[in-house]
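Trainee: Take a look at this one; I'll ask things after.
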Amino acid sequence: MRTALWYFDFVSPFAYICLHRLKELPADLLIEYRPVLFAGLLNHWGQKGPAELQPKRRYTYRWSHWTAIRLGLPFSYPATHPFNPLHHLRLAIACGSKPEAVRKIFDSIWTTGGDASDQGRFAALAQELGVDREKLENSEIKTILRNNTQDAARRGVFGVPTFELDGELFWGADSVDFLGAFVADPSVVHNEEMRRLDGLPEGATRKGN
């Protein structure tokens, strides 16, 4: 049985949507959940997040809302966005990054419209998951999150959600179809044209890059 790594951050609406599409993947493909700090990936690659460019932020919010409704998913943006997901990521790790816990955390953020930064709400969520909040300050948990993020960057992960299987990356909420096709037939990636694209030379670059 093959295992794909799934890199995610709770701050991402795309990751929430992707979570609900995991069931579309082949049943014999195991998914290993890997919480990462999206901001850390952005810093590593020198990028801005979707919410940091106003026109892109507006489109992101509209597209994710429309897509969730189209897929029949319960969905409501939290009271403020972006928010700091650090404690939620640590909570997931404290729960062993188990699918049931990860889904509870995602749902608490993306289905209620509540304030994801509200400490009372977070305390109730941690209690529901059976985690003592003091445990989230454990250096081991912090190290796991940092290592997850650094390892993801080393593997070429630049955004969330991203799947990794057999050294190949599949990024975005809509990458489920691409990954499924690759599982069924690796030649969708391992072919002459894809190799040509991997080495395609640049014809121009922006000044300052």
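Trainee: When the residues of segment 7-25 are filtered to those that are among the charged types (D, E, K, R) and farther than 19 Å from Tyr61 by Cα, which remaining residue is surrounded by the fewest Cβ atoms within 10 Å (Cβ to Cβ)?
Mentor: Step by step, filter segment 7-25, then rank; the result is Lys23.
Residue-by-condition table, conditions (1) surrounded by 13 or more Cβ atoms within 10 Å (Cβ to Cβ); (2) over 17 Å from the mean Cα position of the chain (by Cα); (3) closer than 25 Å to Asp166 by Cβ:
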{"site": "Leu29", "(1), (2), (3)": "yes, yes, yes"}
{"site": "Tyr33", "(1), (2), (3)": "yes, no, yes"}
{"site": "Gly40", "(1), (2), (3)": "yes, no, yes"}
{"site": "His44", "(1), (2), (3)": "yes, no, yes"}
{"site": "Gly49", "(1), (2), (3)": "yes, no, no"}
{"site": "Thr60", "(1), (2), (3)": "yes, no, no"}
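Trainee: Could you list, in sequence order, the residues of segment 1-58 that are of a type in the set (Asp, Glu) and part of a strand (DSSP E or B)?
Mentor: If the condition is that a residue be of a type in the set (Asp, Glu) and part of a strand (DSSP E or B), then Glu32 is the only one that fits.
Trainee: Search segment 154-188 for residues being of a type in the set (Val, Ile, Thr) and in contact (Cβ under 8 Å) with a residue 60 or more places away in the chain, and hand back the single one that is nearest to Asp198 (Cα to Cα).
Mentor: Val157
Trainee: Among the residues in segment 119-140, are any more than 13 Å from the chain's Cα centre (by Cα), assigned to a loop (DSSP other than H, G, I, E, B), under 21 Å from Leu25 (Cβ atoms) and among the β-branched types (Val, Ile, Thr)?
Mentor: No, that holds for no residue.
Trainee: Turning to a different aspect of this structure: Restricting segment 155-183 to residues that are of a type in the set (Asp, Glu) and farther than 19 Å from Val102 by Cα, which is modelled with the lowest pLDDT?
Mentor: For segment 155-183, the residue satisfying everything is Asp174.
Trainee: Return yes when Gln150 is part of a helix (DSSP H, G or I), within 25 Å of Pro50 (Cβ to Cβ) and out of contact with any Phe, Trp or Tyr (no Cβ under 8 Å at 6 or more places or on another chain) and no when it is not.
Mentor: So Gln150 fits the description; yes.
Trainee: Run down Ile105, Ile93, Ile31 and say which single residue is closer than 17 Å to Asp177 by Cα, among the β-branched types (Val, Ile, Thr) and in contact with a helix residue (DSSP H, G or I) (Cβ under 9 Å, 6 or more places away or on another chain).
Mentor: Ile31
Trainee: Taking the criterion of being basic (Lys, Arg), farther than 30 Å from Met1 by Cβ and in contact (Cβ under 8 Å) with a residue 24 or more places away in the chain, would at least one residue in segment 120-130 satisfy it?
Mentor: no
For (1) buried (at least 17 other Cβ atoms within 10 Å of the Cβ); (2) on the phi < 0 side of the Ramachandran plot; (3) touching a Ser or Thr at 6+ places or on another chain (Cβ under 7 Å), each residue gets a yes or a no:
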{"position": "Gly120", "(1), (2), (3)": "no, yes, no"}
{"position": "Ala123", "(1), (2), (3)": "no, yes, no"}
{"position": "Glu128", "(1), (2), (3)": "no, yes, no"}
{"position": "Ile144", "(1), (2), (3)": "yes, yes, no"}
{"position": "Thr149", "(1), (2), (3)": "yes, yes, no"}
{"position": "Pro161", "(1), (2), (3)": "yes, yes, yes"}
{"position": "Asp166", "(1), (2), (3)": "no, no, no"}
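The values are calculated or read from the model by the stated rules, or taken from the named source; none is laboratory data. Quick caveat: nothing in here was measured; it's all calculated off a predicted structure. Don't worry about glycine lacking a Cβ; one is built from the backbone with ideal geometry, like all the others, and counts go over all protein chains shown.
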